[in-house]
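For reference, the structure is listed below as structure tokens.
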Amino acid sequence: MAIRYELDNGVATITIDRPARKNAITLAMRTEIEAAFQTAQDDHEVRVIILTGAEGNFSAGADVGEMGGGGLRNSLLKMRHLHRMARGLAKTEKPVIAAVEGVCIGMSWALALACDMVVTAQDARFQFAFRHIGLAPDGGAAWLLGQYLQPQRAREIMYSGRFVSGAEAAELGLALEAVPAGEVLARAKELAASFAVAPTLALSMAKRQFSAAPGQSYDQALDFEAATQSLMVESADFREGTTSFKEKRKPVFVGN
């Protein structure tokens, strides 16, 4: 298994663990990552997820050694595996934090952008290198980049295939913050710990609202908000939140 899964105090950490190849993702690993996110989604003990890479690199992207060959049928199979993995991450209803050090290339950068937030090392190296190997973007990379950046900047990064440092990524809004190398996972865990004691269902509903917003009108967003808020007032965490406020004490949310 090249994907490690650990659970500690409500935080599931999914680690891409193939350091000899800078954590390049094989076809089999795509299935493992998809399964890891499904496990985290289904486990009520998990309240937040961290995605990271082993030994100083996030991931060098798809394993180039597996690219090409096998004809159209095999290429479509690989894309189906990739898209199941990408959807498995993006559709997870719990907060997901990408902790990025070293290289974060191609589909792996797309995975990071599909997370709720990215904490990066200042000297991390992000790249969409598709042009360098004669491929169009995959993993939803063009769509995701276009959600974060104005069109010309998104196209410049994609068309040039240049490296973007962690510091620049934070300046452009592609990362929440850039911290010194070696401090990334600790900072991600600090954020995760704060989310792990939050009302899990409330964060899940907020995430649904953010996810739905690009395809909604303002009126549709308000209608969706009314439906989700009406559900939340029936939750145990809402009762705890309002009770603790009245009693002037810190709330203890259980995630229900």
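The values are calculated or read from the model by the stated rules, or taken from the named source; none is laboratory data. Computed from a predicted model, the values in this text were never measured in an experiment. Heads up, the Cβs are rebuilt from the backbone with ideal geometry, glycines too, and the neighbour counts pull from every protein chain shown. Accessible surface areas use protein heavy atoms only, side chains included; no ligands, DNA or RNA. Shrake-Rupley method; radii C 1.70, N 1.55, O 1.52, S 1.80 Å.
For this structure, a couple of remarks:
- On inspection, residue 211 qualifies as assigned to a helix (DSSP H, G or I) and either touching a strand residue (DSSP E or B) at 6+ places or on another chain (Cβ under 6 Å) or at pLDDT below 95 (or both).
- If you filter the stretch 133-147 down to residues that are touching a helix residue (DSSP H, G or I) at 6+ places or on another chain (Cβ under 7 Å) and not in a helix (DSSP H, G or I), you find that the one that is farthest from residue 115 (Cα to Cα) is 136.
- Complete set of residues in the stretch 120-132 that are among the hydrophobic types (A, V, I, L, M, F, W, C), assigned to a strand (DSSP E or B) and within 22 Å of residue 67 (Cα to Cα): 126
Residue-wise test of (1) modelled with pLDDT of 95 or more; (2) farther than 24 Å from residue 44 by Cβ; (3) in contact with a Pro (Cβ under 8 Å, 6 or more places away or on another chain); (4) among the charged types (D, E, K, R).
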site	(1), (2), (3), (4)
174	yes, yes, no, no
177	yes, yes, no, yes
184	yes, yes, no, no
201	no, no, no, no
215	no, yes, no, no
223	yes, yes, no, yes
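- Filtered residue count, the stretch 37-61, keeping only those that are in contact with a strand residue (DSSP E or B) (Cβ under 9 Å, 6 or more places away or on another chain) and either over 14 Å from residue 23 (Cβ atoms) or modelled with pLDDT under 95 (or both): 11
- The listed residue being of a type outside the set (D, E, K, R) and modelled with pLDDT of 95 or more, out of 100, 64: 100
- Within the stretch 165-194, being of a type in the set (S, T, N, Q) and either open to solvent by 50 Å² or more (accessible area, probe 1.4 Å) or part of a helix (DSSP H, G or I) (or both) holds for one residue alone: 194.
- Restricting the stretch 218-256 to residues that are outside any loop (DSSP other than H, G, I, E, B) and open to solvent by 100 Å² or more (accessible area, probe 1.4 Å), the residue that is nearest to residue 206 (Cα to Cα): 229
- Residue pairs whose Cβ atoms lie under 8 Å apart, separated by 6 or more positions or on different chains, with the first residue in the stretch 189-200 and farther than 14 Å from residue 256 by Cβ and the second in a helix (DSSP H, G or I), are 195/203.
- Taking the stretch 195-208 as the range and being assigned to a loop (DSSP other than H, G, I, E, B) and in contact with a helix residue (DSSP H, G or I) (Cβ under 6 Å, 6 or more places away or on another chain) as the test, only 199 passes.
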